[in-house]
Amino acid sequence: MSVRKARIGFIGCGSHASSSLYPAIHTIPQIELAAVCDLKEELARRNARSFGALRWYTDVKEMLRREELDGAIIVGPPQMHCELGKLCLDAGLPILVEKPSAVSHREAVELAQHAEDAGLWGAVAYMKRYAVCGW
């Protein structure tokens, strides 16, 4: 019996995302990397090809309009996390953003409230939050 995978759109194809986060996606059997998006076409194409995304985009709104996604991962500068996080929440998607989630405490609270108002969850990545310390 095949289990349905969560279709994820990944926004941001910069060096941190590409070296630290994209490589881990294939290790999570419940996730399908449906689409990637970056303002720079060459980065979006590269990450789609390198990490097995079905499609790539340079416009987040187009990706949200064309794809049937179950969630979004957003990795870039803090202002991008907040702005595009709200856009994805408005599209009905739960989000995972890299830290920090915003450029100010006020904006971080606004993003969290936006998720709550939408009835969705928003999470901020935090390395090894639940890891057993072995060092």
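No value in this document is a laboratory result; all are computed from the given coordinates. Computed from a predicted structure; not experimentally measured. Here the Cβ positions follow ideal geometry from the backbone for every residue, glycine too, while neighbour counts run over all protein chains shown.
I want to check the label-to-label distance for Ala112 and Lys61. Put each point 7 Å from Cα in the C-beta direction and report it in nm to one decimal.
The two pseudo-label positions are separated by 3.0 nm.
Quick one: plug the Kirkwood hydrodynamic radius of the range 10-77 (C-alpha pairs) into Stokes-Einstein at 25 °C, 0.890 mPa s, and report D in µm²/s. Can you show the working numbers first?
Details: Rh = 11.7 Å.
The calculation lands on 209 µm²/s.
How far is the Cα center of the range 72-116 from the Cα center of the range 1-54, in Å?
First find each Cα centre; the distance between them is then 18 Å.
Which whole-number percentage describes the relative contact order of the chain, with Cα contacts under 8 Å and a sequence gap of 6 or more? Walk me through the intermediate numbers first.
Working: 226 pairs, mean separation 27.5, N = 135.
Relative contact order here is 20 percent.
Taking a temperature of 10 °C and a viscosity of 1.306 mPa s, what whole-number D in µm²/s does Stokes-Einstein yield for the chain with Rh from Kirkwood over alpha carbon pairs?
On the way: Rh = 15.2 Å.
Translational diffusion coefficient: 105 µm²/s.
When the Karplus curve 6.51 cos²θ - 1.76 cosθ + 1.60 is applied with θ = phi - 60°, which whole-Hz ³J(HN,Hα) does each residue of the range 17-25 get, with x for Gly and Pro?
Residue by residue, the range 17-25 yields 4, 6, 8, 10, 9, 3, x, 7, 4 Hz.
What full-extension length gain, to one decimal in nm, is calculated for Arg4 and Glu68 as 0.36 nm per residue of separation minus the Cα-Cα distance? Walk me through the numbers before you get to the answer.
Details: separation 64, 0.36 × 64 = 23.04 nm, distance 1.34 nm.
Computed gain between Arg4 and Glu68 is 21.7 nm.
Hand me the tally of lysine pairs in the chain: alpha carbons under 18 angstrom apart, and the pair either on different chains or 8 or more positions apart.
Lysine pairs, 8 or more places apart or on different chains, close enough: 4.
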